[in-house]
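See below for the structure under consideration.
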Amino acid sequence: MRINILCIGDVVGSEAVAYLSNHLWQKRSELGAHFCVVNGENAAPGNGIDVESAKIILAAGADVITTGNHVWQKSGFRSYLNDSENVIRPANYPAGCPGQGYVIANCEGYRVLVINVMGTVFLESLASPFETVERILERERGSYDFAILDVHAEATSEKIALGRYFDGRIGIVFGTHTHVQTADEQIFPGGTGYITDLGMTGPDDSILGVKVSCILEKMTLKMPVRFELAEGKITSHGALFTFDTDLGRCIDAKRVQF
């Protein structure tokens with residue numbers, strides 16, 4: 001069977017959440033997507049993700065929500081993480097942190113292992129994402145049919161390295177965090193579908209979702225600036241991967257914008 005998996009980049013702000021609520025199911029239908037992963041770590045007002053945003057994104061058509069370095073921004077979200085089966089945080093945070101770093105979800109009768117890790121280059125000094133994912137794959141051996149990995153990282157080289165390292169063992173590897181969609185969607189030799197960054201779901205007239213004036217003031221004057229989310233037309237960026245369950249490999253990867 002050929003399974004289409006839609007992966008959506010970082011959702012930035014409540015307007016972007018509302019946009020997905022209005023359009024994601026329709027886009028899933030148009031693309032024939034059987035499964036959808038959305039990175040929602042910037043979905044809440046003022047950064048981070050909250051319970052309301054997560055519930056709306058799931059109702060909008062996400063099967064799994066991944067996160068990143070802003071996952072702890074809203075304190076009320078921590079208890080929700082402990083109880084949620086569809087929202088995960090980076091697996092390489094210490095074991096005592098709330099929530100889980102991966103989930104096994106159902107897709108057309110197949111067991112899909114979705115893993116979320118954070119890069120450590122230019123970001124927080126967490127456990128090695130390479131070793132963390134290795135342990136998860138070993139622990140869940142025989143419990144899943146194919147795997148998906150969200151690498152929430154700053155450095156493009158680290159994302160590519162993780163994709164290459166797990167080529168043939170993880171069906172789909174995509175990067176998030178930098179909010180700019182890359183043009184390197186491809187299938188690695190071992191059969192892993194890959195893209196360095198999905199991009200963001202957020203306002204076009206912005207700098208990574210923030211008002212242009214705020215960022216320019218920060219970069220030119222070097223003074224503290226209160227970042228404000230931009231407004232206006234929303235575009236959602238991501239990628240559509242096709243995984244062939246008979247071949248056990250990804251056979252197509254396409255960038256998506258809507």
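Readers should treat all values here as calculations from the given coordinates under stated rules, not as data from a laboratory. A quick note: this is a predicted structure, and the numbers were derived from the prediction, not measured. Ideal geometry is used to build each Cβ from the backbone, glycine not excepted, and the neighbour counts take in all protein chains shown.
Couple of notes before you dig in:
- Residue among Arg169, Arg135, Arg78 with the largest mean-square fluctuation in a Gaussian network model of the chain, springs linking Cα atoms under 10 Å: Arg135
- Set of segment 149-181 residues, backbone N closer than 16 Å to the point 7 Å along the Cα-Cβ line of Phe122: 151-162, 175-181
- Springs join every pair of Cα atoms under 10 Å in this Gaussian network model of the chain, and among Glu30, Glu41, Glu85 the largest mean-square fluctuation is at Glu30.
- Amide H contacts for Phe146 (H built 1.01 Å from N in the peptide plane; partners 5 or more residues away or on another chain; cut-off under 5 Å): Arg111, Leu113.
- Summing charges over neighbours of Val37, with a neighbour being any other residue whose Cβ is under 13 Å away from its Cβ, gives -3 when K and R count +1 and D and E count -1.
- Taking a sphere under 13 Å around the Cβ of Val225 and counting the other residues whose Cβ falls inside, with K and R at +1 and D and E at -1, yields a net charge of +2.
- Net charge over other residues, Cβ less than 11 angstrom from the Cβ of Trp72 (K, R count +1; D, E count -1): +1
- Simple rule: put +1 on each Lys or Arg Cβ and -1 on each Asp or Glu Cβ in segment 29-187, find the dipole, and look at Asn106, Leu31, Gln73; the Cα lying farthest toward the positive end is Gln73.
- Of all beta bridges that DSSP places with both ends in segment 1-134, some 40 percent have antiparallel geometry.
- Beta bridges assigned by DSSP with both partners in segment 162-250 are antiparallel in approximately 70 percent of cases.
- Of Gly202, Gly96, Gly191, the one that fluctuates the most in a GNM where the chain has Cα springs shorter than 10 Å: Gly96
- FRET efficiency, 1/(1 + (r/R0)^6) with R0 25 Å, evaluated for Glu231 and Val51 via beta carbons: 0.60
- Stretchable slack from Met1 to Arg78, in nm (0.36 nm times residue separation minus alpha-carbon distance): 24.0 nm
- ³J(HN,Hα) computed for each position of segment 243-258 - Karplus, 6.51 cos²θ - 1.76 cosθ + 1.60, integer Hz, glycine/proline x: 10, 8, 6, 6, 7, x, 8, 6, 10, 7, 9, 9, 5, 10, 9, 7
- Coupling constants for segment 53-66 follow from the phi torsions by the Karplus curve (6.51 cos²θ - 1.76 cosθ + 1.60, θ = phi - 60°), and in residue order they are 4, 4, 5, 5, 5, 5, 5, 6, x, 7, 8, 9, 10, 9 Hz; glycine and proline get x.
- Reachable aspartates and glutamates from Lys74, criterion Cα separation under 15 angstrom, eight or more residues apart if same chain: Glu41, Asp50, Glu52
- For segment 114-153 and segment 50-79, distance of Cα centres in Å: 19 Å
- The charge dipole of segment 147-216, taken about its Cα centre with unit charges on the Cβ of Lys, Arg, Asp and Glu (plus for the first two, minus for the last two), comes to roughly 160 debye.
- Leading residue at positive end of dipole, the chain (Cβ point charges), from Ile8, Phe130, Phe146: Phe130
- For segment 2-257: relative contact order, % (alpha-carbon pairs under 8 angstrom, 6 or more apart): 18 percent
- Adding -39500 (n - 2.57) for every DSSP H run of four residues or longer, then dividing by how many residues the chain holds, sets the calculated 222 nm ellipticity at -7500 deg cm²/dmol.
- Lys, Arg +1 and Asp, Glu -1 on Cβ, resulting dipole of segment 15-151 about Cα centre, debye, nearest 20: 100 debye
- Each label was represented as a point 7 Å from its Cα along the Cα-to-Cβ direction; for Asp184 and Arg164 these points are 0.9 nm apart.
- Charging the Cβ of each Asp and Glu at -1 and of each Lys and Arg at +1, and nothing else, the dipole of the chain about its Cα centre rounds to 140 debye.
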